[in-house]
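Only one structure is covered here, and it is reproduced in the block below.
Laboratory data are not the source of any read-out in this text; all were calculated from the coordinates shown. Just so you know, these numbers come straight off a predicted model, no measurement behind them. When we count neighbours, we look across all protein chains shown, and the Cβ atoms used for this are built from the backbone with ideal geometry, even at glycine.
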Amino acid sequence: MDGSAHTHNQHRAFAASDRPASEPARSLAEARLFERAAKGERDALVEVWRANRRWLAAVLAAHAPRGVDVEDLLQDVAETLVAKCHHIRDPGSLRGWLRVVAINAARMAARSRGVELRAAREHALEHAREHGLRHPAALRGDDERERARETLELIGRLPPLYAEPLLLQSAQGLSQRQIAELLDVPETTVETRLARGRRMLREMVRALEGQAT
Amino acid sequence: MNDPQTSDADSNDPATELDVLLSRAVAGDGAALAEVRVRGAADPSVLDELTLWQADELRLARVARELQRTADSVDAPRSRSRTRERWAGAGWAVAAVLAIAWLMQLVSPGVAAREASVAGIAPAFQSSEEAFDAYVAKAREEGVLSGEVAPPTLLGSRELGDGRGFEVVIIRQVIERRVSPEIYRITPAGESGPRRTLIIRPRTDLVQ
């Protein structure tokens, strides 16, 4: 895929990896920002977090078990960043480390008792939908959010192997190269996973629409 | 960094060439889109499929907005506050420590003052039940009391023998939430050595 198609939409957190070698000044600025964050400077930590939180939300959405709030997991990741940022020596390893933290947070959540409670709530919502009742978001007239939530539920049924690159590209505008770098796999692998992920999503939507008619 | 997911599935079950083409097209690859259109001229079902995949991209765009809203609502915490993890890992030790902390509060000088104040208002109550109910109501109001464990635990009972009935010994338990500036953990100093008390304070892991 032509990564440039997404250039306008690429997340700033990945600007460093996509930038030509002729832009060392910005890289230096980012390294300094990270250095300040690692020293515990509040404003630098906030900036590093804000630069990364959107793509981390995509990673969490791909890995979180059903019924777990991405927002809760993001809080966990943010706390870990603040608590352990000073352990990271190489700014280049920050994104990879944050991704591992996010995946671990999602896995921990799967083991917690809270998941059972939230899963029960999701089950109740599903039951409500089956019986023609609408989600509270829809009752507030927020159809856009309800539809997003429904799609997110479908994506949650995809194996994370496919859901993660799909969300990172489609939802966060990352190029194949950026995703490959983050997942540490070849670009061709990412391309295959994206195609398979989209195909699987299509089949699920088709099945869902078939049930509705 | 190694990807925690295996990539074996990719090689064993590759996507079809058309799926890869459609995937590129909906992601904004102009050349792939042109190729899909050429194929669509010969096979209109390809264009139908492209339309459906584009509709899915709109669904994903909604998800993007929702995720961004969620992400933007979460800011970095002011300081290290991984209370949940620390306490969850400690398990029974924390429960025991809280009990110890509570006992230490009971023997602290502040207790005398508390007892005095209770004594001061005692005449307003007609019975211990009434005083207990007042405590429950006040503690709930202050957010200290989460609830009462029901039913009470029965320790034993015996007939009084004078016709008045039975003596029933029960434990009534309430669930309280207290904020303590520090908690304590009792740990053995060695295999056979004496136990020692570790003080655990917020935002520092372990301080002797």
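A few notes on this one:
- Average partner coverage of A:169-175, which counts Cβ from other chains inside 10 Å: 5
- 10 Å Cβ neighbours from other chains, averaged over peptide B:22-35: 5
- Residues whose placed amide H lies under 5 Å from that of B:I200, excluding near-sequence neighbours: B:I183, B:Y184, B:R185
- Label-point separation, B:T197 to B:D48 (7 Å along Cα→Cβ), nm: 7.8
- Among A:H87, A:H63, the ranking by other beta carbons within 10 Å of each residue's beta carbon, starting with the fewest, stands as A:H87, A:H63.
- Ordering of B:35-46, A:170-181 by packing is A:170-181, B:35-46, highest average first (other Cβ atoms within 10 Å, averaged per residue).
- Considering only B:Q68, B:A41, B:A25, the residue lying farthest towards the positive end of the dipole of region B:8-72 is B:Q68, judged by Cα position with unit charges set on Cβ.
- For region A:42-106, the Rg and Dmax computed from alpha carbons only, in angstrom: 11.3, 35
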